[in-house]
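Below is one structure, written out as structure tokens; comments come after it.
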Amino acid sequence: MYKIITVRDTVRVPPNRFDEPVEEVIVDILHKDYEGLTDKDVGTILAITELKEISTGRIIMGDGASYHDVTFDALVYKPEVNEVVLGEVVEIVEFGGFVRLGPIDGLVHVSQVMDDFVGYDKKKGALYGKESKRALKEGDRVRVRVVTVSIRRGARGGKIGLTMRQVGLGKLEWIEEARKEAKA
């Protein structure tokens, strides 16, 4: 789920940047320090959207930098368990498929791809159903449900578990086929 959050922090402006406009320097530092950062409570910070408040800088003894308390808004993405999302398959491996969910990737384990025995074709880079003959490959657009979320703090997003084995989920072409069959 995408959200805008408000963050309060203290930003250190180094002395070599004192000749630049303080607001520009702080925005630059916030972009470098926050964008791409992942926190288990907040999610992945995608962008700093608005700098709302900057306090007058203060200098701490022994350090020539100025420290400013700031308040800013940030756009974050945090996958929620049971959330249904659209994504694109970006990699197929023997144990499943990785699906891009906007800023992060999740894994659809081979057991969660379809209600069929699923095989792996290394040459074609595809997972396929033995009986249904359906195939899942890179570039396919899919609708998935988030079933597990394990986010770690830092630059890497953690692990997102996905399923496509429920009604209304799967490769978009499969969903359309099922819809047409239900009407007939």
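The values are calculated or read from the model by the stated rules, or taken from the named source; none is laboratory data. Predicted model, so just to flag it, every value in this text is computed and none were measured. Please note: Cβ atoms are built from the backbone with ideal geometry, for glycine as well, and neighbour counts cover all protein chains shown.
Structure above, values below:
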{"read-out": "Restricting region 99-116 to residues that are in contact with an Asp or Glu (Cβ under 7 Å, 6 or more places away or on another chain) and either among the aliphatic types (A, V, I, L, M) or more than 21 Å from GLU83 (Cα to Cα) (or both), the residue that is surrounded by the fewest Cβ atoms within 10 Å (Cβ to Cβ)", "value": "ASP116"}
{"read-out": "Single residue of ALA74, ALA47, ALA65 found to be touching a residue at least 60 places away in the same chain (Cβ under 8 Å), of a type in the set (Gly, Ala, Ser) and touching a strand residue (DSSP E or B) at 6+ places or on another chain (Cβ under 8 Å)", "value": "ALA74"}
{"read-out": "Lone unmet requirement of (1) over 21 Å from GLU173 (Cα atoms); (2) free of Cβ contacts under 8 Å to residues at least 60 places away in the same chain; (3) surrounded by fewer than 20 Cβ atoms within 10 Å (Cβ to Cβ); (4) of a type outside the set (Ser, Thr, Tyr) for GLU88", "value": "(1)"}
{"read-out": "Pair list, Cβ < 6 Å and 6+ apart or interchain, from region 111-127 residues that are at positive phi and free of Cβ contacts under 8 Å to residues at least 60 places away in the same chain to residues that are of a type in the set (A, V, I, L, M) and surrounded by 13 or more Cβ atoms within 10 Å (Cβ to Cβ)", "value": "GLY125/ILE92"}
{"read-out": "Answer residue from region 31-56, given it is under 13 Å from LEU75 (Cα atoms) and in a helix (DSSP H, G or I) and is modelled with the lowest pLDDT among those", "value": "TYR34"}
{"read-out": "Some residue of region 33-47 being surrounded by fewer than 17 Cβ atoms within 10 Å (Cβ to Cβ) and either assigned by TED's automatic domain parsing to the domain that holds VAL147 or more than 30 Å from ARG145 (Cα to Cα) (or both)", "value": "yes"}
{"read-out": "Scope region 72-83; condition surrounded by fewer than 13 Cβ atoms within 10 Å (Cβ to Cβ) and either in contact with a Lys or Arg (Cβ under 8 Å, 6 or more places away or on another chain) or polar (S, T, N, Q) (or both); matching residues", "value": "ASN82"}
